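Structure record follows, encoded as structure tokens.
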Amino acid sequence: MKERGSRSAETSAAQRALHTLHGRDPKIFEDPFAVELAGPMGKWFIRPRPTAWLIERAFPWMMPMIAHHLARARYVEERLDQLTGEGLAQYVLLGAGMDSFAFRRPDLADTLTIFEIDHPGTQKRKRRRLGKLGWPEPSHVRYVAVDFETEALRDALMRSDFNREQLSLFAWMGVMPYLTQESIVATLEDVAECAASGSEIVFDTMDRAALTKGKNTPGGRKMFRAAERLGEPMITGFDPPEINQLLAAAGFETLEIVTPEAFTKLWFEGRSDGLAPWEWAYVVRARVC
Ligand SMILES: C[S@@+](CC[C@H](N)C(=O)[O-])C[C@H]1O[C@@H](n2cnc3c(N)ncnc32)[C@H](O)[C@@H]1O
């Protein structure tokens, strides 16, 4: 990724903003801070209702991706709420992007330390944006810059006050497809090594077939082309059995694989807008052994 950091982080925030501002009820996930964090895209493109209408009609292929993004965000935060009752002390966002959890949940400021781990370029832009918005950086957030391709997560965590003894939840949302398999494996191994036993990781990935010429759907191909145009090509996918193997080898027990069908049953059935998650992506939850 270039020095300027990730543009897809803003796209992701823009999608949360679109649904929050203009999506139909019942909302899958609400993020009232996303429109500001999405930067100019939020201000000029997402906030006005007509452009939101236009996106739905002109880019229908984006809707399943948006549905997946909303579902993964809701899933991990619901899990966080459950773990909070079991002594969760640290929430580690790997590739945090324009995540606004710290602003949405000030009620957890006294009990939860949040680690926003991200590419230096993306993190710099986010922090500059917070400054411009006049939003003070929450005191329980630690900002740790790392490029997963060139530095070990373990070293980055050691530079911070991450506590290896405390129960942690790692969220790694919308990042894996952009990374090489080597850095994915290394990062998983570092999480397993650094986190207290019983800690969990939740991430999303996509079937290999999505990346295979001739197998993907037209909508998926459009998304890949859009990612390439942003300078962030999607290069890595895994089939569920592979993920199970990778996790076991790294020191995890797979707890749940949430397929698009499972998400549909949970939150999307009977919606009047027909919103449904992308068929190739799925979410995985695993526990550090
Ligand atoms: C699509 S955004 C997802 C952001 C956020 N997790 C979300 O769900 O909205 C991808 C994120 O992965 C991060 N990322 C991509 N490649 C990275 C790398 N090599 N090292 C660190 N972060 C990386 C980007 O900086 C960006 O924040």
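The values are calculated or read from the model by the stated rules, or taken from the named source; none is laboratory data. Everything numeric in this text was worked out from a predicted model, so none of it was measured. Backbone-built Cβ (ideal geometry, glycine too); neighbour counts: all protein chains shown.
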Sort through 148, 162 and tell me the only one that's of a type outside the set (Val, Ile, Thr), assigned to a loop (DSSP other than H, G, I, E, B), surrounded by 20 or more Cβ atoms within 10 Å (Cβ to Cβ) and more than 13 Å from the ligand (Cβ to nearest atom). 162
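Residues are listed down the side, and each one gets a yes or a no for (1) within 12 Å of the ligand (Cβ to nearest atom); (2) surrounded by fewer than 23 Cβ atoms within 10 Å (Cβ to Cβ); (3) in a helix (DSSP H, G or I):
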residue: 79; (1), (2), (3): no, yes, yes
residue: 82; (1), (2), (3): no, yes, yes
residue: 87; (1), (2), (3): no, yes, no
residue: 107; (1), (2), (3): no, yes, yes
residue: 123; (1), (2), (3): yes, yes, yes
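Just name the residue that is farthest from the ligand (Cβ to nearest atom) out of those in segment 180-191 that are among the aliphatic types (A, V, I, L, M) and surrounded by fewer than 20 Cβ atoms within 10 Å (Cβ to Cβ).
Pass one, segment 180-191, residues among the aliphatic types (A, V, I, L, M): 184-186, 188, 191.
Now drop any that are not surrounded by fewer than 20 Cβ atoms within 10 Å (Cβ to Cβ), which leaves 185-186.
Details: 185: 14, 186: 11 Å.
Checked segment 180-191; the qualifying residue farthest from the ligand (Cβ to nearest atom) is 185.
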Test for residue 189: is it farther than 20 Å from residue 122 by Cα, modelled with pLDDT of 95 or more and in a helix (DSSP H, G or I): yes
Hand me the list of helices (runs of 4 or more DSSP H) wholly inside segment 211-281 holding 2 or more residues that are touching a residue at least 24 places away in the same chain (Cβ under 8 Å) and closer than 24 Å to residue 7 by Cα. 218-229
Among (1) modelled with pLDDT of 90 or more; (2) hydrophobic (A, V, I, L, M, F, W, C); (3) within 22 Å of residue 233 (Cα to Cα) - the single one residue 33 does not satisfy: (3)
Looking at segment 1-18, I want the residues that are modelled with pLDDT of 95 or more and have a partner that is polar (S, T, N, Q) with Cβ atoms under 7 Å, at least 6 apart or on another chain. Which pairs are those? 9/122
Residues 11, 51: which one is over 22 Å from residue 136 (Cα atoms), part of a helix (DSSP H, G or I) and within 11 Å of the ligand (Cβ to nearest atom)? 11
Do we find a residue being within 16 Å of the ligand (Cβ to nearest atom), in a helix (DSSP H, G or I) and on the phi < 0 side of the Ramachandran plot anywhere in segment 23-31? no
